[in-house]
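Laboratory data are not the source of any read-out in this text; all were calculated from the coordinates shown. Here the structure is a predicted model, which means the values were calculated and not measured. Here the Cβ is made from the backbone with ideal geometry for all residues, glycine too, and neighbour counts use every protein chain on show.
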Amino acid sequence: MNSYDIIKRPIITEKSMKVELDRDGNEIKKYTFEVPKTVNKLEIKYAVEEVFGVKVAKVNTMNYDGKLKRMGRYEGRRAAWKKAIVTLAKDSKTIEFFDM
């Protein structure tokens, strides 16, 4: 699995794009991606560093179960997925894709 297979898509919502500040008033660089359920934090870190050319400080992951959905009298389940929140190092550049 290469780096471009690990990062499926960025998650761009109001909550994920909210700017957070640390104690010194500096902006915390956090970016959110959808990743496959089989990858671990180290693989996500190396993939983000390779694809975007940045330095990753921390990776947090969350697993989501698929929602139960109905179609008439039948019901099925959406696919389960995994979300990764990547925090960049203070001396790292930002990811231009997320800049608006």
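What angle do you read, to the nearest 10 degrees and between 0 and 90, between the alpha-carbon axis of helix 41-52 and the longest principal axis of the chain?
The two axes meet at around 70 degrees.
Once you have a ≥ b ≥ c as the square roots of the Cα gyration tensor eigenvalues for region 24-66, tell me rounded if a/c is under 1.5, and otherwise prolate or oblate according to whether a/b is larger than b/c.
Because a/c hits 1.5 or more and a/b fails to exceed b/c, region 24-66 counts as oblate.
Given only helices, namely DSSP H runs of n ≥ 4 each adding -39500 (n - 2.57), what is the per-residue ellipticity at 222 nm of the chain, to the nearest 500 deg cm²/dmol? If you can, show how the numbers build up before the last one.
Values: 2 runs with 16 residues, N = 100.
The per-residue figure over the chain is -4500 deg cm²/dmol.
Tell me, what is the percent relative contact order of region 5-78, built from C-alpha pairs under 8 Å that lie six or more residues apart? Intermediate values should be presented prior to the final figure.
Values: 66 pairs, mean separation 18.2, N = 74.
Normalised by residue count, the contact order of region 5-78 is 25 percent.
Which part of region 38-61 falls in the paramagnetic zone of residue 87, meaning amide N under 16 Å from the point 7 Å along Cα-to-beta-carbon?
Counting only backbone N, you get 41-42, 45, 55-61.
Distance cut-off 21 Å, Cα to Cα: go down the list 37/67; 18/90; 37/58; 30/69 and report the pairs above it.
Checking Cα-Cα distances, 30/69 exceed 21 Å.
I need the shape label for the chain. Rule: rounded when a/c is under 1.5, else prolate if a/b > b/c, else oblate, with a, b, c from the alpha carbon gyration tensor.
Verdict is prolate for the chain.
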